[in-house]
Amino acid sequence: MSAPATGTNVDMQVTLGPLKLKNPVMTASGTFGYGTEYRELYDPAILGGVFLKALTMAPRPGNKPWRIYETPSGMLNSIGLQNVGIEEFFEKKEPFCRELAGKGTAMCANLAAQTVEEFQQLVERLETTDCIAAYELNVSCPNVKKGGCQFGTDPTLLRELVAAVRPGTKRPLIVKLAPQVTDVAEMARISVDAGADIISLINTFPAMAIDAEKRRPILATVTGGLSGPAIKPIALRMVYAVRQAVDVPIIGMGGIMNWKDAAEFLLAGASAVAVGTANFVHPTTPVEVLEGLQDYCRRHRYARVSDLTGALELP
Amino acid sequence: MSAPATGTNVDMQVTLGPLKLKNPVMTASGTFGYGTEYRELYDPAILGGVFLKALTMAPRPGNKPWRIYETPSGMLNSIGLQNVGIEEFFEKKEPFCRELAGKGTAMCANLAAQTVEEFQQLVERLETTDCIAAYELNVSCPNVKKGGCQFGTDPTLLRELVAAVRPGTKRPLIVKLAPQVTDVAEMARISVDAGADIISLINTFPAMAIDAEKRRPILATVTGGLSGPAIKPIALRMVYAVRQAVDVPIIGMGGIMNWKDAAEFLLAGASAVAVGTANFVHPTTPVEVLEGLQDYCRRHRYARVSDLTGALELP
Amino acid sequence: MTDRATTHAIGMEAATPPLSNRHFRGQVVEAEEIAPRIWVHGYRLPEVARRAQPGQFVHLRLNDGTAPLLRRPFSVLDVYPGDGVARILFKVVGTGTQILAGKRPGDDIDVLAPLGSAFQVPENVRRLTLAGGGIGMVPLYFLAKELTAARPGIELDYWFGARSAEEVYLLEDLRQWCKRVEAVTEDGSAGRKGRLPDYAQEWRGADMIATCGPIPMLRAIQATTADWPVPVHAALESFMGCGLGACLGCVLDTVDGFERVCTEGPVFDLRRLNLEVPA
Amino acid sequence: MTDRATTHAIGMEAATPPLSNRHFRGQVVEAEEIAPRIWVHGYRLPEVARRAQPGQFVHLRLNDGTAPLLRRPFSVLDVYPGDGVARILFKVVGTGTQILAGKRPGDDIDVLAPLGSAFQVPENVRRLTLAGGGIGMVPLYFLAKELTAARPGIELDYWFGARSAEEVYLLEDLRQWCKRVEAVTEDGSAGRKGRLPDYAQEWRGADMIATCGPIPMLRAIQATTADWPVPVHAALESFMGCGLGACLGCVLDTVDGFERVCTEGPVFDLRRLNLEVPA
Ligand SMILES: Cc1cc2nc3c(=O)[nH]c(=O)nc-3n(C[C@H](O)[C@H](O)[C@H](O)COP(=O)(O)OP(=O)(O)OC[C@H]3O[C@@H](n4cnc5c(N)ncnc54)[C@H](O)[C@@H]3O)c2cc1C
Ligand SMILES: Cc1cc2nc3c(=O)[nH]c(=O)nc-3n(C[C@H](O)[C@H](O)[C@H](O)COP(=O)(O)OP(=O)(O)OC[C@H]3O[C@@H](n4cnc5c(N)ncnc54)[C@H](O)[C@@H]3O)c2cc1C
Ligand SMILES: Cc1cc2nc3c(=O)[nH]c(=O)nc-3n(C[C@H](O)[C@H](O)[C@H](O)COP(=O)(O)O)c2cc1C
Ligand SMILES: Cc1cc2nc3c(=O)[nH]c(=O)nc-3n(C[C@H](O)[C@H](O)[C@H](O)COP(=O)(O)O)c2cc1C
Ligand code: FES
Ligand code: FES
């Protein structure tokens, strides 16, 4: 067992199958850039892990504006997987990833693609750097016409994809589930059967905003993905449902704004959490979540934060 | 064409296939009791329609407390279809329904059952009163172990149910869709193919809340249904998706708090709207929605509120 | 009962016309932090001041936004019908009560009231024990004040349970109305040490018990008084939606099945309640 | 530029230590409604007062709750480095700005700042036209003030577009700094009648145009000035998420693809922008 986190007697390390994190607090893909944007606010190396912004083989310009909008306790986004493409990632972003990886933060690549082959190519290319700790298959982005969403909602396609990507790497394979399915537990089961090591959830919900006065959709793409505290109760239920269905570890996310929300996800069955939208609202949220979880463990006399996972007592 | 609503030159009447409403503002099932509870606050006869609290053949005690909880911009409920049962409905509640029906408010029965036969029995019994304007099949209640939810998430069961209930009545048949499905448009199509006249949506989302300090779920049933403004962007998207998929009229709901929200649902494709959770927050919301929609039509020079339906301009 | 013209000066302005028989827009006329995180608010609400009875509650909207979303219920602390003022006392425990604590005299307030059932004290009751835990003191304060005015000669014993001395307040008022006022604190920093139910045997002589407080406390009192030959009534709490009886969200379990705290309650015959769930 | 010790008296207290290089907790030291629904706020934020440049913005958290959820961006109106105060001017248009307008001197404020790009005025510019529509005046006010101090002899023309006279403000300040100050109102109730771009031909003599305002206005100015041989720079708006360049939510379309208003902007070379979408 590793040394407990500095200045505390709580062991914050968590082991998600093949993925070890120095603590259970991560940042969600697309909400933290490549880690560089928040450097001026705090040192991202304190994080257990970072999910990088989705990568595609070719650079993608993303969707037309408007791309984001606020809704009650939530936000819509329709970024459209804008990213620099895998080659420019290597040129410009990989060095900082390497730096953080060197400090023990698990840098996880979030992969988006329209075909099984492209997913395989992404993995193949990323196998050439040792700074990537795990792959997260983004099969659930609601914001591109043809961008992987069909994988997340079609059980057969999902099974094929995971099975096809699995042989290409020995690194931990994380499947990020789409929430807009009838049976999220079934999609988790399929992913695990096909070789996923870890399940992460939830991605954003397909949703929509309308400007009544202009009689027009607000987002240029008409619909977008809903994130933030509004969806937290749905996300918690899904983590809880997946926890009953599969044995692999879960990374929970959806509306986490503070340590209490994070504790709820752990109690519901997650082994780690990712902070998303909260990075925009209060950029030091991950730091405060980490501190709050330590304090929670101390107050409730948990020696290891990992003891929280699934510790919910049922009525 | 009927006379325009009092004191205005906007025609507020809407025609939903076989169901005519004097205006498009209704109250959602389970949020307005049997109409009597709000009498002291305003005259429910101003409403276009009322969805009654779910009825089952036998009385149901409902779930243990706690049954409700607040979440960010939303609420969870797990009432468990508590209701007096169909016979006591006839004894105690039917007279007031008759009174409202006599004043031109469409009283719609919300039916919940565990079997196709029980749905048929409910319709059969309710055919004996002329105060019911339409039946809404609640195939989507997330809060009972075996309570109709499987009908709302299983295409085959849904088709069988609607087809089986259809011959039992000439009254308008409304199917209320569950949001926790991969393809809500497909569920709408199935309902219409099997004989539904109208689609209503959305019901609440399966969701969960946890008391981190007590390490327990807050609701006695562990999970409940999420409603309120938090889910409005999801509901709007679903109404919009169903509108593209079927030709029958839609009754939209999910987080409507004011006339602007209501206008958004109409623009997205609904022909009428139902106010739910807002009845708890601000009980005169339906009155204000009605006035606000009239005013909106005047400002935007719509002669008929029905012209708003689907009037969204795409980019 | 004297009305307090000075404190409620703002209250003397013309009242906003009622939105309906149960729905009012009032103004804050008094807002005082009487103990750490404990506030007393007075609202200009003439109808409520006229009609509210001990045990009934007001259901307050906190803001125009969507979070917090639902109204919050608070027992009526007392009324000044002459001034047209009704008061509440609340403890800041979360977002909603924090927002409420930010309101100042002159601010508007949107209220559904008066709601729910009231304490019914049978005519033959000569000696009444009031046992309030924490902010459970509120409806009992109102009851003590009303009974003192309405039934001269009635003997009131007031037991005030709290964690520590700083959570004990308004004792001076209670002493005006009650023959005996006892504080019980968990740390012994005021009055007797312990919890209210520890002293329940001392209530034996009463013709009736009226109580209000956390469910574990009520459960203990229920157990102790189970076979006493006097009525034991309690004001209960629950998460509330509508406050009007429509949502069925606020029920508690009784011998006759689930009953709504907002409509059949908040005042119940304590013996009728099944308090096993929830805690 | 004189610092205003009296107004910013509260600002003289010790500042809260910065949370980081970009994230500060400040205090409101000034809050005045200078025109209907138009507020000027001064915040004690020594670092921001030292570093902010015209065109840059602050990204404010409005409350601790979840609705409104996101921060709101506001251009810096001016700074008083001596007092450690930075000011903004904002119009109440929705929930967020309404909450902001409720803040009072002494209240805390959580700020990411200074963010984004600033107006770059080439050294050879002798005559600069500033054209601000509505609250688009804010960054140009700062620019006029700064240039007056930093480049004695520069000639500034200020064109203030608004719907009507009551939406025209701070002209006295602008007159101190600018050779010519023109108001243009849609209803003609102050200055000339019409819209700002109607008068763009009068800006012909300038060495540079700096502008800010609604997109339709910028589009018209873009069209008129398309082939002028001088720089035309504009401060743009967009819905913002992070304000830090991470979410990619705030982009506008440019000749080089989508660029972030919070990072590459808000100040852009107007000719580089494709303003067809959105409106
Ligand atoms: C009939 C009735 C009368 C009441 N009278 C008073 C009174 O006179 N004075 C007073 O201070 N409080 C009273 N309460 C409790 C009061 O309503 C809650 O403290 C308040 O709603 C909390 O709101 P919040 O937003 O600050 O807390 P939240 O942030 O919503 O929650 C904070 C904590 O309070 C608990 N809580 C929230 N709402 C309720 C509720 N309705 N019932 C029980 N627990 C709740 C939560 O579980 C949480 O632990 C009464 C409740 C009822 C039902
Ligand atoms: C870089 C930048 C600088 C700005 N500077 C100023 C300033 O100096 N003074 C000032 O008054 N305003 C300024 N704004 C606009 C200001 O941010 C919005 O008015 C404010 O966010 C509205 O918040 P709200 O909650 O009151 O409105 P909401 O309730 O969110 O919306 C009200 C209306 O404002 C529109 N709106 C909301 N947010 C934005 C936004 N970010 N951009 C454009 N439109 C929006 C909505 O579509 C809606 O029509 C600036 C915006 C940006 C991006
Ligand atoms: C602006 C934005 C961009 C996002 N981009 C991605 C992405 O590229 N890949 C991905 O898998 N998820 C993406 N997400 C989803 C988040 O990673 C996360 O799953 C979701 O937002 C729920 O968490 P939250 O409510 O805490 O934000 C994005 C979310 C937002 C708000
Ligand atoms: C307390 C409560 C009880 C409900 N009961 C029922 C019900 O009996 N039958 C039903 O079809 N829907 C029921 N619903 C769902 C509502 O009718 C509505 O579909 C949903 O709440 C979304 O609308 P809203 O966000 O405006 O509340 C209930 C909702 C709430 C909040
Ligand atoms: S709060 Fe709705 S029934 Fe009691
Ligand atoms: S607001 Fe997030 S990138 Fe600009």
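We did not get these values from a lab; they are worked out from the coordinates using the rules stated. Worth saying up front: this structure is predicted, and the values here are computed from it rather than measured. All Cβ positions, glycine included, derive from the backbone under ideal geometry; neighbour counts span all protein chains shown.
Side notes on the structure shown:
- Placing a label point 7 Å from the Cα of B:E40 along the Cα-to-Cβ direction, the residues of the range C:114-129 whose backbone N falls under 17 Å from that point are C:114-120.
- The protein assembly as shown - share of DSSP beta bridges that are antiparallel (%, nearest 5): 55 percent
- Compared with the dominant principal axis of the Cα atoms in chain D, helix D:137-150 is inclined by about 90°.
- Cα-based Lys proximity count in chain C, under 23 Å, for pairs eight or more positions apart or on separate chains: 5
- In the protein assembly as shown, helical runs assigned H by DSSP with n ≥ 4 each contribute -39500 (n - 2.57); averaged across all residues and rounded to the nearest 500, the mean residue ellipticity at 222 nm is -6500 deg cm²/dmol.
- Estimated FRET transfer efficiency (C:R50, C:A226; beta-carbon r; R0 35 Å; 0.05): 0.40
- With a Förster radius of 51 Å applied to the C-beta separation of D:R192 and A:E117, the computed FRET efficiency comes to 0.20.
- A crude spin-label estimate for the pair B:T169 and A:F90, with each label 7 Å from Cα along the Cβ direction, gives 6.5 nm.
- Residue exposure sequence - C:T148, D:T97 - by fewest surrounding Cβ within 10 Å: C:T148, D:T97
- GNM result for chain D, Cα springs below 10 Å: residue of D:S164, D:S238, D:S20 fluctuating most strongly: D:S20
- Size of electric dipole in the protein assembly as shown: Cβ of Lys, Arg +1 and of Asp, Glu -1, about Cα centre, debye, nearest 20: 100 debye
- Environment charge of D:Q120, counting only residues whose C-beta is closer than 14 Å and scoring Lys/Arg +1, Asp/Glu -1: -3
- Counted charge near D:R37, where neighbours are those whose Cβ lies closer than 11 Å (Asp, Glu -1; Lys, Arg +1): -2
- Copies compared at A:P155 - label distances in nm, ascending, label defined 7 Å from Cα in the Cβ direction: 1.2
- Proximity of backbone amide H atoms, modeled 1.01 Å from N, is registered between D:L236 and D:V267, D:F268 at under 5 Å, excluding neighbours fewer than 5 places apart on the same chain.
- Peptides A:224-233, B:34-43, C:59-68, ordered by how many other C-beta atoms sit within 10 Å of their residues on average, highest first, read A:224-233, C:59-68, B:34-43.
- Spin-label model distance (nm) - A:T284 vs B:T15, 7 Å beyond Cα toward Cβ: 6.4 nm
- Crossing angle, helix C:215-224 versus chain C [Cα axis fit, 0-90 degrees, rounded to tens]: 30 degrees
- Among C:G26, C:G194, C:G161, the residue with the largest mean-square fluctuation in a Gaussian network model of chain C, with springs joining Cα atoms closer than 10 Å, is C:G194.
- In Hz, Karplus ³J(HN,Hα) per residue of the range B:168-179 (6.51, -1.76, 1.60; θ = phi - 60°; x = Gly, Pro): x, 7, 9, 6, x, 10, 10, 9, 9, 7, 7, x
- Nm distances between copies for A:Y42, ranked from closest, using label points 7 Å along Cα→Cβ: 4.6
- Look at A:V139, C:V28 and count the other Cβ atoms within 10 Å of each Cβ; fewest to most, that gives C:V28, A:V139.
- Between copies, the label points of A:R299, set 7 Å from Cα on the Cα→Cβ line, lie 4.6 nm apart, reported in increasing order to one decimal in nanometres.
- Scanning chain C for the Cβ atom closest to the axis that brings C onto D yields residue and whole-Å distance C:A67, 2.
- Dipole in debye (nearest 20) - chain D, about Cα centre, beta carbon charges: Lys, Arg +1; Asp, Glu -1: 100 debye
- Of all the options A:A188, A:A101, A:A272, the one that moves most in a Gaussian network model of chain A with Cα springs shorter than 10 angstrom is A:A101.
- Loop-located GluC sites (Glu not before Pro) in the range A:145-253 (DSSP state not H, G, I, E or B) with no more than 12 neighbouring Cβ atoms inside 10 Å: A:E213.
- Of the residues A:E127, D:E47, C:E123, D:E33, the one with the fewest other Cβ atoms within 10 Å heads the list, and the complete ranking is C:E123, D:E33, A:E127, D:E47.
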